[in-house]
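Working notes, beginning with the structure itself.
The values are calculated or read from the model by the stated rules, or taken from the named source; none is laboratory data. Predicted, not measured: the structure shown is a model, and the values here were computed from it. FYI the Cβ positions are ideal-geometry reconstructions off the backbone, even for glycines, and counts take in every protein chain you see.
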Amino acid sequence: MRIILKADDFRADRFTEKVYLYSRYLSIIKDNNICCSLGIIGSACEHIKESTRLYIKELLANKNVTLFNHSYYHFLAEHSSEFSGTPFEYQRDSVYKVQFLIKKLFDYEIKTFGSVANSIDKNTIRVINQCSVFKYVYIYKYQCIEDIKKQVIWLNGYGILEHKEDKNCVNFERFEDLFNEVNEEIITFQMHPGGWNEIDLIEFEKIVKYLKDNKHTFITPEQL
Ligand SMILES: [Zn+2]
């Protein structure tokens, strides 16, 4: 099977904090020579350390990581979000602010979009279609997609690698049980390593080892 690891909510400004386990998550990706699709939040990149910028550049150059546009503010409220229930111009500006910033910081062009809480509306679809650089869009399975003119990547592995309701949201044995029921050519797992604890990280390493031992291939959307 081909596997996409969709890692959300990467805040580059927190990268060097000890309690922020994203840096160790990315070390696991790098040390195992695999890849993940990293959802970067634009506003959290405005003032980052030079060491962080260089580290991310290295991950991008080694193809351990590709970035997806995961909003500028990561705004989410009860009845609206950065990409639903807001005006077209607001959504367009949010998308382009991230694109320009990432290009400036990392000399990198983001080709994939994944919304805040996977929530989109008609305005988002217009923005995505108009942004010629975008080639891929992550979509949660219940959303209507008729009008999207980009390649859709379904979040068909939702809830398999990470269960948000548990104290430890990653568990190898549960993963193995659920994964053995999967019959897909490509599966996309969503995760939020910035909210993980030490146990989640250990369980994730076991999952990576298991997938590698069973000869599954890790890819990013850009390799489709
Ligand atoms: Zn998010």
Test result for Ser43, of a type in the set (S, T, N, Q), farther than 22 Å from Thr188 by Cα and within 16 Å of the ligand (Cβ to nearest atom) = yes
ask   = Which of the residues that make up the stretch 18-40 are without any contact (Cβ under 8 Å) to a residue 40 or more places away in the chain and in a loop (DSSP other than H, G, I, E, B)?
value = Lys18, Val19, Asn33
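Any idea which of Phe189, Phe204, Phe175 is more than 17 Å from Leu26 (Cβ to Cβ) and surrounded by 15 or more Cβ atoms within 10 Å (Cβ to Cβ)?
On the way: Phe189 fails: more than 17 Å from Leu26 (Cβ to Cβ); Phe204 fails: more than 17 Å from Leu26 (Cβ to Cβ).
Result: Phe175 is the single residue among Phe189, Phe204, Phe175 that is more than 17 Å from Leu26 (Cβ to Cβ) and surrounded by 15 or more Cβ atoms within 10 Å (Cβ to Cβ).
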task = Looking only at the stretch 11-26, decide whether some residue is touching an Asp or Glu at 6+ places or on another chain (Cβ under 7 Å), of a type in the set (A, V, I, L, M, F, W, C) and within 16 Å of the ligand (Cβ to nearest atom).
result = no
request  = Run down Ile48, Ile145, Ile120 and say which single residue is part of a loop (DSSP other than H, G, I, E, B), under 30 Å from Thr16 (Cα atoms) and among the hydrophobic types (A, V, I, L, M, F, W, C).
outcome  = Ile48
query = Would you pick out the residues in the stretch 163-187 that are at pLDDT 95 or above and either under 19 Å from the mean Cα position of the chain (by Cα) or not in a loop (DSSP other than H, G, I, E, B) (or both)?
reply = Val170, Phe172, Glu173, Arg174, Phe175, Glu176, Asp177, Leu178, Phe179, Ile186, Ile187
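Restricting to the stretch 114-139, and then to whatever is more than 15 Å from Ser37 (Cβ to Cβ) and within 16 Å of the ligand (Cβ to nearest atom), can you tell me which residue is surrounded by the fewest Cβ atoms within 10 Å (Cβ to Cβ)? Walk me through it before giving the result.
Pass one, the stretch 114-139, residues more than 15 Å from Ser37 (Cβ to Cβ): 116-117, 119-133.
Next cut, within 16 Å of the ligand (Cβ to nearest atom) only: 116-117, 119-120, 124.
Values: Val116: 22, Ala117: 14, Ser119: 16, Ile120: 26, Thr124: 25.
Among those that are more than 15 Å from Ser37 (Cβ to Cβ) and within 16 Å of the ligand (Cβ to nearest atom), it is Ala117.
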inquiry  = Condition first: aromatic (Phe, Trp, Tyr), farther than 28 Å from Lys150 by Cα and within 18 Å of the chain's Cα centre (by Cα). Can you find one or more residues in the stretch 39-57 that meet it?
reply    = yes
ask   = Within the stretch 136-147, is there a residue that is under 30 Å from Leu54 (Cα atoms) and polar (S, T, N, Q)?
value = no
task = Would you be able to tell me the number of residues in the stretch 79-113 that are over 21 Å from Ile34 (Cα atoms), part of a loop (DSSP other than H, G, I, E, B) and within 16 Å of the ligand (Cβ to nearest atom)?
result = 4
